[in-house]
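Enquirer: One structure coming up, written as structure tokens, with questions to follow.
The values are calculated or read from the model by the stated rules, or taken from the named source; none is laboratory data. Model, not experiment: these values are computed from the prediction. Cβ: placed from backbone, ideal geometry, glycine included. Neighbour counts: every protein chain shown. Just so you know, the surface numbers come from the protein's heavy atoms only, side chains and all, with ligands and any DNA or RNA stripped out. Shrake-Rupley method; radii C 1.70, N 1.55, O 1.52, S 1.80 Å.
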Amino acid sequence: MEQRHLGRTGLRVSRIGLGTLTWGRDTEEHDAADQLKVFWEAGGTLVDTADVYGDGEAEYLLGRLMDGLVPRRDLVISTKAGSVPDPDRRFDCSRGHLLAALDASLARLGTDYVDVWHVHAFDPYTPLEETLQALDLAVASGRARYAGVSNFCGWQLAKAATWQLAAPGVRTRIAGTQMEYSLLQRGVEREVLPAALDLGVGLLPSSPLGRGVLTGKYRHSTPADSRGASDHMGPFVAPYLDDTASSIVDAVQTAADGLAATPLQVALAWVRDRPGVVAPIVGARNAQQLTAALSVETLSLPDEICRALDDVSAPVHRYPDHDWSTL
């Protein structure tokens, strides 16, 4: 699998990443093991997790699999911290919480370091400088090799990345940002992606298949074994089952038919090759689904197909993104 640099750093990662959101909850150990082995054998290196996935079980499961299935040195492990199970405060990005969470993640993963450590979301109740100092301390202590953020809007990303570049002392630059990005969700193109491109921050798209909707599985009904039919994941899928999404899914299907490819391949190739994108993070229910996603490695979309998909999925960005005289 082709490797790409994460932002303006020397770290190279596979251009498709393996997500573990459902590990330890919906994905049992044997399915997780099959996925990791298939991913590794295909040349994949980037495995993304978080301390809250499965209430920590995803990290614990990944750690066990690294111990006996795939060598730690062959993987680029990315995890996140900052989300908390508190209805009154969804995120705690204080220095104390973040560093304690990192230590707990390392214990569950059974490793001395993670390759990339992300702040899971912006915390409005903690000074940003304090949050960023936790990243500096993690890297300086060797517990993390690179640092990033997740779910930061444009101004938050720009402020964080600029602070790390401009503040006095030895600072850890923001290497990557993880954001939802797909043909069904192009909101990052408004401000996040321009900021990332300007500041040398690599984009790691989550939900690159529109929460599974872009595969076409929901075109006519909701399969009983799908995420959309489950109690806890159904509300996650539901926003992308409207008429607007349906027209985009139809266009993806048309493109797939013309290319003798699958809708999954077309949708994933589109986001993988967008400017600024390093590696879409793909989650799968089993190894068969993951193999289907990894088959996109051989596909590059023709320019005319990309333009057609761009047009049908284009979000409405007017002032101030475009000069007022062009409105």
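Enquirer: Cβ-Cβ below 8 Å, separation at least six or inter-chain, first residue in the stretch 258-273 and surrounded by 21 or more Cβ atoms within 10 Å (Cβ to Cβ) and among the polar types (S, T, N, Q), second part of a loop (DSSP other than H, G, I, E, B) and modelled with pLDDT of 95 or more: which pairs?
Expert: Qualifying pairs under 8 Å: 265/299.
Enquirer: Follow-up. State all residues of the stretch 185-207 that are surrounded by 24 or more Cβ atoms within 10 Å (Cβ to Cβ) and part of a loop (DSSP other than H, G, I, E, B); if no residue qualifies, say none.
Expert: Once the filter is applied, which keeps residues that are surrounded by 24 or more Cβ atoms within 10 Å (Cβ to Cβ) and part of a loop (DSSP other than H, G, I, E, B), the stretch 185-207 yields 201, 207.
Enquirer: While we're looking at this one, here's another question. In this structure, does residue 27 turn out to be at pLDDT below 95 and open to solvent by less than 10 Å² (accessible area, probe 1.4 Å)?
Expert: On the way: at pLDDT below 95: yes; open to solvent by less than 10 Å² (accessible area, probe 1.4 Å): yes.
Yes; evaluated as a whole, the condition is true for this residue.
Enquirer: Checking the condition charged (D, E, K, R), surrounded by fewer than 17 Cβ atoms within 10 Å (Cβ to Cβ) and within 24 Å of residue 198 (Cα to Cα), which residue from 321, 311 passes?
Expert: Working: 311 fails: within 24 Å of residue 198 (Cα to Cα).
Testing whether each residue is charged (D, E, K, R), surrounded by fewer than 17 Cβ atoms within 10 Å (Cβ to Cβ) and within 24 Å of residue 198 (Cα to Cα) leaves just 321.
Listed here are the residues, each with its yes/no results for (1) touching a residue at least 60 places away in the same chain (Cβ under 8 Å); (2) surrounded by fewer than 16 Cβ atoms within 10 Å (Cβ to Cβ).
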residue: 89; (1), (2): no, yes
residue: 113; (1), (2): no, no
residue: 128; (1), (2): no, no
residue: 145; (1), (2): yes, no
residue: 158; (1), (2): no, no
residue: 161; (1), (2): no, no
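Enquirer: Among all residue pairs at least 6 apart or on different chains, which show Cβ distances below 9 Å where the first residue, located in the stretch 186-207, is within 24 Å of residue 45 (Cα to Cα) and the second is of a type in the set (Asp, Glu)?
Expert: 204/48; 205/180; 206/48; 206/180; 207/180
Enquirer: Mind checking which residues of the stretch 290-324 are free of Cβ contacts under 8 Å to residues at least 60 places away in the same chain, among the β-branched types (Val, Ile, Thr) and in a helix (DSSP H, G or I)? Spell out the reasoning first.
Expert: Of all residues in the stretch 290-324, those free of Cβ contacts under 8 Å to residues at least 60 places away in the same chain come to 292, 295, 298-308, 310-311, 316, 318-320, 322-324.
Adding the requirement that they be among the β-branched types (Val, Ile, Thr) leaves 298, 305, 316.
Selection gives 298, 305.
Enquirer: So which residues in the stretch 240-257 are in a helix (DSSP H, G or I) and open to solvent by 70 Å² or more (accessible area, probe 1.4 Å)?
Expert: Our first condition is that a residue be in a helix (DSSP H, G or I); within the stretch 240-257, this holds for 240, 243-257.
Scanning the stretch 240-257 gives 243, 244, 254, 257.
Enquirer: Taking residue 218 as meeting all but one of (1) aromatic (Phe, Trp, Tyr); (2) buried (at least 17 other Cβ atoms within 10 Å of the Cβ); (3) over 20 Å from residue 317 (Cα atoms); (4) within 17 Å of the chain's Cα centre (by Cα), write down the number of the exception.
Expert: Exception for residue 218: condition (4).
Enquirer: Have a look at 62, 18, 36 and point out the one that is crowded, with 20+ Cβ neighbours inside 10 Å, of a type in the set (A, V, I, L, M, F, W, C) and either in contact with a Gly (Cβ under 7 Å, 6 or more places away or on another chain) or assigned to a loop (DSSP other than H, G, I, E, B) (or both).
Expert: Working: 62 fails: either in contact with a Gly (Cβ under 7 Å, 6 or more places away or on another chain) or assigned to a loop (DSSP other than H, G, I, E, B) (or both); 36 fails: either in contact with a Gly (Cβ under 7 Å, 6 or more places away or on another chain) or assigned to a loop (DSSP other than H, G, I, E, B) (or both).
None of the others qualify; the one that does is 18.
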